[in-house]
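The values are calculated or read from the model by the stated rules, or taken from the named source; none is laboratory data. Treat the numbers as computed from the prediction; the structure is a model and nothing was measured. Neighbour counts run over all protein chains shown; Cβ positions are idealised from the backbone, glycine included.
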Amino acid sequence: MKKSPLISAALIAAVTLSGCSLLKKQEASTVNSQDAMPLFPVTVQTPADVSLDGHWFMRTVGSMKLSGFDEEWPFLEFVPTEGRFYGNNGCNIINGSYHVGPKQTLTLSEVATSMRLCAADSLEYPIAHALDAVRSFSVTTAKDGSTILSLHDDKNLTVMTLRKSDIDFLNGPWQVEAIKGEKVENPDCRLIFDVAEGTVSGDTGCNMLNGQLVREASVSGSLGFTHLLTTRRMCPDISTEQALLIALEEVTIAKHSSGKSVDLLNSSGEVIIHLTPLKKSDL
């Protein structure tokens, strides 16, 4: 994860919160740890693994439901081998230390953020306030099968809920086997995903490719691409590259196909890119 020079967020959490609205002109809402409750209840089907390990997308902060982010969706990632967590509040990078105690108590300490100037309606203050209030956690499984992390304050009120990333199966290198049903003959056409870092790289069969992943955290398997850039080498046959770039712009969902292969679908549910796994030794 990105680890930038940071300043303490303790001062941020001390700021009185009022009139802080969501992105995309959401209705203003005051965040207060004394009355912060999830916007909607989590319907538990089965107990989930209580481990905090992994990448979690924020879905509610206090009484606000998150939606409509054009860039990186706010998230937290817990790394048990380091006793550290990393994340993004939709504007600034977050990191800190954490400790899990008996009965799923949770202590967040040394919480800090980077210093980027954020918009007045950003979630920076509500998120800092919620993290400062965390005293315990619970992990449950919702009706749709997603794993939900709930963070609670000292009165056991929920100050934040998060949904575990469900596209971690994409991590690693993939061969592009077909684009919109047409078999790709060029063996150099490959994609490499790093879900935690939110990046895609690879080879279009002509030029090197780099870009960023975007997610709609409330949608199962959600995946999109932005800031796609390629080198500018001229190739005898550039049609595969053109087809791949157009297809990547249309992707909205990633899901397992037969065996270990993966399909990337458009908003109509059509398979537009078919991928098969590669070994690092194949690169």
request  = Scan the stretch 131-147 residue by residue and report those that are outside any strand (DSSP E or B) and over 19 Å from the mean Cα position of the chain (by Cα).
outcome  = 132, 133, 134, 135, 143
task = Give just the number: which of (1) in contact with a strand residue (DSSP E or B) (Cβ under 7 Å, 6 or more places away or on another chain); (2) surrounded by fewer than 22 Cβ atoms within 10 Å (Cβ to Cβ); (3) closer than 16 Å to residue 148 by Cβ does residue 93 not satisfy?
result = (3)
Pairs where the first residue, in the stretch 206-231, is assigned by TED's automatic domain parsing to the domain that holds residue 185 and closer than 16 Å to residue 67 by Cα and the second is exposed (fewer than 15 other Cβ atoms within 10 Å of the Cβ) and of a type in the set (D, E, K, R), C-beta under 7 Å, 6+ apart = 220/144
message = Name the residue that is surrounded by the fewest Cβ atoms within 10 Å (Cβ to Cβ), counting only residues in the stretch 157-186 that are part of a helix (DSSP H, G or I) and of a type in the set (A, V, I, L, M, F, W, C).
response = 169
remark   = residue 192 fails exactly one of (1) of a type outside the set (Phe, Trp, Tyr); (2) at pLDDT below 95; (3) in the same structural domain as residue 227 (by TED's automatic domain parsing); (4) under 22 Å from the mean Cα position of the chain (by Cα), namely (2)
task = Please work out which one of (1) modelled with pLDDT of 95 or more; (2) farther than 28 Å from residue 220 by Cα is the condition residue 85 fails and give its number.
result = (2)
ask   = For the stretch 233-270, what are the residues that are closer than 21 Å to residue 165 by Cα, touching a residue at least 60 places away in the same chain (Cβ under 8 Å) and surrounded by 16 or more Cβ atoms within 10 Å (Cβ to Cβ)?
value = 254, 262
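Would you pick out the residues in the stretch 53-97 that are polar (S, T, N, Q) and part of a strand (DSSP E or B)?
Filtering the stretch 53-97 for residues polar (S, T, N, Q) gives 60, 63, 67, 81, 88-89, 92, 95, 97.
60, 88, 95, 97 - these are the residues of the stretch 53-97 that are polar (S, T, N, Q) and part of a strand (DSSP E or B).
Going by the structure shown, is residue 144 surrounded by fewer than 19 Cβ atoms within 10 Å (Cβ to Cβ) and either among the aliphatic types (A, V, I, L, M) or at pLDDT below 95 (or both)? Working first, answer last.
Working: surrounded by fewer than 19 Cβ atoms within 10 Å (Cβ to Cβ): yes; either among the aliphatic types (A, V, I, L, M) or at pLDDT below 95 (or both): yes.
Yes: the conditions hold for residue 144.
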note = Taking the stretch 80-90 and keeping only residues that are buried (at least 20 other Cβ atoms within 10 Å of the Cβ) and either closer than 15 Å to residue 154 by Cα or among the charged types (D, E, K, R) (or both), one is left with none
ask   = What number of residues within the stretch 213-232 are under 26 Å from residue 144 (Cβ atoms) and either surrounded by 16 or more Cβ atoms within 10 Å (Cβ to Cβ) or of a type in the set (Phe, Trp, Tyr) (or both)?
value = 10
ask   = Within the stretch 247-283, which residues are more than 20 Å from residue 199 (Cβ to Cβ), modelled with pLDDT of 95 or more and not in a loop (DSSP other than H, G, I, E, B)?
value = 263, 265, 271, 272, 274, 276
key: Failed criterion for residue 154 (all others in (1) in the same structural domain as residue 66 (by TED's automatic domain parsing); (2) modelled with pLDDT of 95 or more; (3) crowded, with 16+ Cβ neighbours inside 10 Å hold)   = (3)
key: residue 109 farther than 21 Å from residue 195 by Cβ, loosely packed, with under 13 Cβ neighbours inside 10 Å, touching a Gly at 6+ places or on another chain (Cβ under 9 Å) and of a type in the set (Gly, Ala, Ser)   = yes
